[in-house]
Amino acid sequence: MARSDTRDNQREDSDLIDKLVGINRVAKVVKGGRRFGFAALVVVGDTKGRVGFGSGKAKEVPEAIRKATEAAKRNMIRVPLRDGRTLHHDIEGHFGAGHVVLRAAPAGTGVIAGGPMRAVFETLGIQDIVAKSIGTSNPHNMIKATFAALKGIQAPRAVAAKRGKRVADILGKKNKAEESKTPEAAEA
């Protein structure tokens, strides 16, 4: 039974893509000189609406990346997407000095975002979005602010279920019967 579980995990991991956002070299000063270590920041996603990020520290770069990737796989979230290509609505996210604005975009716009946010959107599977980072350019805070915003995204279906209404009522789309009752039709 344990073997089938590991196979499922490997199959699940195989369709995940990971992007290295940054590596930071840190030094600890000791009696004999400096001891160097590395900190890695990684974003992991399945390009179908799931994404996660993680950081790892180690004495060697590959080990730091491995630790960060494992942490990212543990911290994955699901984000509802409109038509599998953009967000349902505009939203802002905050974390520390990081402040990001994410805006849904029409088809064909592409990913207009800088640095760490671009890695998040590409691994998430978003094809059309406009994003702006206001405040810090620290990749850790930018990614955490982006995730804070993504956690706040709500699908119209979920909002309609909470309010006890239809999705069309939430989106503000009119029924065809209501459209025929326009003032011009009433005059005729």
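The numbers here are math on the coordinates, done by the rules we state, and not lab data. Keep in mind the model is a prediction, meaning the values are calculated, not measured. In this analysis, Cβ positions are derived from the backbone assuming ideal geometry, glycine residues included, and neighbour counts consider all displayed protein chains.
For the pair residue 30 and residue 83, what calculated FRET efficiency results from E = 1/(1 + (r/R0)^6), where r is the Cβ-Cβ distance and R0 = 45 Å, to the nearest 0.05? List each step's numbers first, then the result.
Details: r = 55 Å, r/R0 = 1.23.
About 0.25, to the nearest 0.05.
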* **Computed label-point distance, nm, for sites residue 15 and residue 94 using a 7 Å Cα→Cβ extension** => 3.8 nm
* Neighbouring Cβ atoms within 10 Å as the yardstick, rank 170, 17, 143 fewest first. => 17, 170, 143
* Across region 98-114, in residue order, what do the Karplus-derived ³J(HN,Hα) couplings come to in whole Hz, using 6.51 cos²θ - 1.76 cosθ + 1.60 with θ = phi - 60° and x for Gly and Pro? -> x, 9, 10, 10, 10, 10, 5, 9, x, 4, x, 6, x, 8, 9, 7, x
* Asked: Do any of 28/73; 67/132; 19/57; 144/165; 48/132; 57/132 go past 21 Å between their Cα atoms, and which?
  -> 28/73; 67/132; 144/165; 48/132; 57/132
* **Note, ³J(HN,Hα) from phi for region 140-154, Karplus 6.51, -1.76, 1.60, rounded to Hz, x at Gly and Pro** => 4, 5, 5, 5, 5, 5, 5, 5, 4, 5, 5, 5, x, 6, 10
